[in-house]
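Data block below; observations after.
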Amino acid sequence: MDILLAIVALSLIIIIHEFGHYICAVATGMKVDRFSIFGIGPVVLRLGEWRGTEFVVSAIPFGAYVHIVGMEADDAPSVAEGGKPGETYAVDPNDPSLYRNRPVWARMLAILGGPLANYLAAMAIMFSTLAFVGDSVPVSMKVDKVIEDAPKAAGLLPGDKLLKIADTEVVGARADEKIYTTTGAHKGETVPIVVQRGAEEATLQVPLTDQGRIGIEMSPLDTESRTLPVGAAAKAAVTWPVQVSVKQLTALKRWITGEVEGKMSGPVGIVREIAKSAERGFAAFLLFAAFISTLLGLFNLLPLPALDGGRFVFLLWEVVSRRPANRRLEEMVHGIGMLALLGLILYVTVFNDLLNRS
């Protein structure tokens, strides 16, 4: 049941992303002839048409898509653009509703509409959770696992409850944040850590890494649920996705430069993690859904071919050079990028999500 709920949640997040593209494209006068609300590839079910857009379900049960007419170079170019004599356009090249005939600001908005929708959805989920459902706040943390390739955690064992680090109490509301703040203030040092092990307490001398890490994986031992006043919930909901994005970009930089190790997850891994969050309760499920929505928006903003950020780069080039990029070249770049992205997703799904579940 949790897996089914996770699949539905991930699908909704992707649909929200595509709806952002759809609504921004339509609002800026573009023609959207198809919106596959679930799946890619051949159409298997036609749900109906509204204002010139056909809503469908597609054969391959992954993702969703919006087709904005004139975005791809799928119609025959003129001879001046490299086309052959006698070729005709699939659509009227002068139609003002075509994507490429709209002002550059409108095209930018249509491209950014997907990530923007994900950020707005994350904010809405966060606000609802914090103001009405209640956030599950850790009040104590326990050791789940000692990381093998980290500096020896000097006797820490799975199940240990963390009480003090460097003479600072790390129990109470937001215990996880207290731990990160305290260890971050003692990077590269060896600090005393007081733990509760069964009915007894033990003090261990633990070396922290240069990044202030203990070398363990941990999870909440005890939690409490609390709601926030509407104003505080709204402020937290608006700032939270931004804070998550900054942290993720920082972590990505450190991963690329080799400062830290990490493992990517594909759709299967993401669904599995959403399902795990559902096991921890409704609030945890909602918060993780907001986290995934934020990550989807951030990922699509990366300036890589086939992603929204990659298309936005070509629009920036148009603004700077005052002429559009060659459509065929742009689509070739995005096509290669899409193949590479699909290959990466397949590799990660098989080798990280399915074969290596540790």
Give the stretch 28-71 a look and list any residue that's of a type outside the set (Lys, Arg), touching a residue at least 60 places away in the same chain (Cβ under 8 Å) and within 27 Å of Pro103 (Cα to Cα), or say none.
Thr28, Gly29, Met30
Any chance you could count how many residues in the stretch 175-200 are under 15 Å from Ser140 (Cβ atoms) and either part of a helix (DSSP H, G or I) or touching a strand residue (DSSP E or B) at 6+ places or on another chain (Cβ under 6 Å) (or both)?
11
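When the stretch 204-215 is examined, which residues are found to be surrounded by 12 or more Cβ atoms within 10 Å (Cβ to Cβ) and at negative phi? Steps first, answer last, please.
Going residue by residue through the stretch 204-215, those that are surrounded by 12 or more Cβ atoms within 10 Å (Cβ to Cβ) are 204, 206-209, 211-215.
Listed by number, the residues that qualify are Leu204, Val206, Pro207, Leu208, Thr209, Gln211, Arg213, Ile214.
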Among the residues of the stretch 138-158, which ones are at pLDDT below 90, open to solvent by 30 Å² or more (accessible area, probe 1.4 Å) and of a type outside the set (A, V, I, L, M, F, W, C)?
Asp144, Lys145, Glu148, Asp149, Pro151, Lys152, Gly155, Pro158
Name the single residue that is farthest from Asp222 (Cα to Cα) among those in the stretch 277-303 being assigned to a loop (DSSP other than H, G, I, E, B) and modelled with pLDDT of 90 or more.
Pro303
Do the conditions hold for Ala306, that is, is it surrounded by 16 or more Cβ atoms within 10 Å (Cβ to Cβ), closer than 25 Å to Met123 by Cβ and either touching a Pro at 6+ places or on another chain (Cβ under 8 Å) or not aromatic (Phe, Trp, Tyr) (or both)?
no
Can you list residue pairs whose Cβ atoms sit under 7 Å apart, with the first residue in the stretch 309-338 being farther than 27 Å from Leu295 by Cβ and the second being exposed (fewer than 14 other Cβ atoms within 10 Å of the Cβ) and among the small types (Gly, Ala, Ser)? Count only pairs 6 or more apart in sequence or on different chains.
Arg328/Gly82
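Conditions tested, residue by residue: (1) at pLDDT 95 or above; (2) farther than 18 Å from Arg311 by Cα; (3) of a type in the set (Val, Ile, Thr).
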position	(1), (2), (3)
Gly39	no, yes, no
Gly52	no, yes, no
Tyr89	no, yes, no
Leu98	no, no, no
Met108	yes, no, no
Leu116	yes, no, no
What number of residues within the stretch 1-11 are touching a residue at least 12 places away in the same chain (Cβ under 8 Å) and surrounded by fewer than 18 Cβ atoms within 10 Å (Cβ to Cβ)?
4
Restricting to the stretch 24-36, name every residue that is surrounded by 16 or more Cβ atoms within 10 Å (Cβ to Cβ) and either in contact with a Phe, Trp or Tyr (Cβ under 6 Å, 6 or more places away or on another chain) or part of a helix (DSSP H, G or I) (or both).
Cys24, Ala25, Val26, Met30, Val32, Phe35, Ser36
What do you reckon, is Val66 farther than 14 Å from Ala110 by Cβ and of a type in the set (Val, Ile, Thr)?
no
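Can you tell me which of Glu259, Glu273 is outside any helix (DSSP H, G or I) and among the acidic types (Asp, Glu)?
Numbers: Glu273 fails: outside any helix (DSSP H, G or I).
Residue meeting the stated conditions: Glu259.
If I go through the stretch 322-358 residue by residue, how many of them are over 22 Å from Arg107 (Cβ atoms), in a loop (DSSP other than H, G, I, E, B) and open to solvent by 80 Å² or more (accessible area, probe 1.4 Å)? Before you say what the answer is, go through the steps one by one.
The first filter runs over the stretch 322-358 and keeps only residues over 22 Å from Arg107 (Cβ atoms), leaving 339-340, 342-358.
From the residues that got through so far, the ones that are in a loop (DSSP other than H, G, I, E, B) too are 355-358.
Filter once more, keeping what is open to solvent by 80 Å² or more (accessible area, probe 1.4 Å): 355, 357-358.
Matching residues across the stretch 322-358 total 3.
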Restricting the search to the stretch 110-125, which residues are more than 14 Å from Cys24 (Cβ to Cβ) and open to solvent by 10 Å² or more (accessible area, probe 1.4 Å)?
Ala121, Met123, Ala124, Ile125
Hey, could you check the stretch 126-137 for residues that are closer than 15 Å to Gly231 by Cβ and not small (Gly, Ala, Ser) and say which is most open to solvent (accessible area, probe 1.4 Å)?
Phe132
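Pick from Gly172, Gly231, Gly184: which is at positive phi and of a type outside the set (A, V, I, L, M, F, W, C)? Before you say what the answer is, go through the steps one by one.
Details: Gly231 fails: at positive phi; Gly184 fails: at positive phi.
Sole residue among the options that is at positive phi and of a type outside the set (A, V, I, L, M, F, W, C): Gly172.
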Exactly one of Val244, Val319 is farther than 24 Å from Phe19 by Cα, assigned to a helix (DSSP H, G or I) and among the β-branched types (Val, Ile, Thr), and that residue is Val319
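The values are calculated or read from the model by the stated rules, or taken from the named source; none is laboratory data. Note that the coordinates shown come from a computational prediction; the quantities given were computed from them, not determined experimentally. Heads up, the Cβs are rebuilt from the backbone with ideal geometry, glycines too, and the neighbour counts pull from every protein chain shown. Accessible surface areas use protein heavy atoms only, side chains included; no ligands, DNA or RNA. Shrake-Rupley method; radii C 1.70, N 1.55, O 1.52, S 1.80 Å.
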